[in-house]
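Inspection log for the structure reproduced underneath, given as structure tokens.
The values are calculated or read from the model by the stated rules, or taken from the named source; none is laboratory data. Keep in mind that what you see is a predicted model, and the values were worked out from it rather than measured. Here Cβ is always computed from backbone atoms with ideal geometry, including for glycine, and neighbour counts include all displayed protein chains. Just the protein is used for accessible areas: all its heavy atoms, side chains included, with ligands, DNA and RNA removed. Shrake-Rupley method; radii C 1.70, N 1.55, O 1.52, S 1.80 Å.
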Amino acid sequence: QVQFVESGGGLVQPGGSLRLSCATSRTIFTFVALGWYRQAPGKQRELVAAITPGDSTNYADSVKGRFTISRDNAKNTVYLQMNNLKPEDTAVYYCAPSSVCDLSSSWFGSWGRGTQVTVSS
């Protein structure tokens, strides 16, 4: 069973920053493009950032210029640096395999527990 372990969420004021981490297996990390998805209450899960094993990236318009996705090959970990956070970024964030070319795509396998990000004053 594929496993993803997300961490790093929390409560932050508007304009603040957080860095999310996602650890997964060496095989998945080496060969599969990975993305950060988020799901806000009452909304569908959406893909906001994706990265290939070769470090090509893509971002949803809503986070472009504020979020940065990156990989650490030594730790089999994908990060999401989130700056200038807004209340509308409030959601549970998950990492999972993704397409880098089509951000409307989703993952139909198993998900991790996610990490809650709350942006509020």
Out of Leu34, Leu85, sole residue that is touching a residue at least 40 places away in the same chain (Cβ under 8 Å) and more than 23 Å from Val119 (Cα to Cα): Leu34
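Kindly indicate which of Ser21, Ser17, Ser56 is within 11 Å of the chain's Cα centre (by Cα) and either of a type outside the set (Phe, Trp, Tyr) or open to solvent by less than 20 Å² (accessible area, probe 1.4 Å) (or both).
Details: Ser17 fails: within 11 Å of the chain's Cα centre (by Cα); Ser56 fails: within 11 Å of the chain's Cα centre (by Cα).
Result of the check over Ser21, Ser17, Ser56: Ser21.
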Within the range 25-32, is even one residue within 13 Å of the chain's Cα centre (by Cα) and among the basic types (Lys, Arg)? no
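Out of the residues in the range 24-39 that are of a type in the set (Val, Ile, Thr) and surrounded by 13 or more Cβ atoms within 10 Å (Cβ to Cβ), which is modelled with the lowest pLDDT?
We begin by selecting, within the range 24-39, every residue of a type in the set (Val, Ile, Thr); these are 24, 27-28, 30, 32.
Within this subset, residues satisfying the condition of being surrounded by 13 or more Cβ atoms within 10 Å (Cβ to Cβ) are 24, 28, 32.
Details: Thr24: 93, Ile28: 88, Val32: 91.
Selected residue: Ile28.
So which residues in the range 77-98 are polar (S, T, N, Q), open to solvent by less than 40 Å² (accessible area, probe 1.4 Å) and at pLDDT 95 or above, if there are any at all? Give the derivation first.
Taking the range 77-98 first, the residues polar (S, T, N, Q) are 77, 81, 83-84, 90, 98.
Next, only the ones that are open to solvent by less than 40 Å² (accessible area, probe 1.4 Å) stay: 77, 90, 98.
Correct list: Thr77, Thr90.
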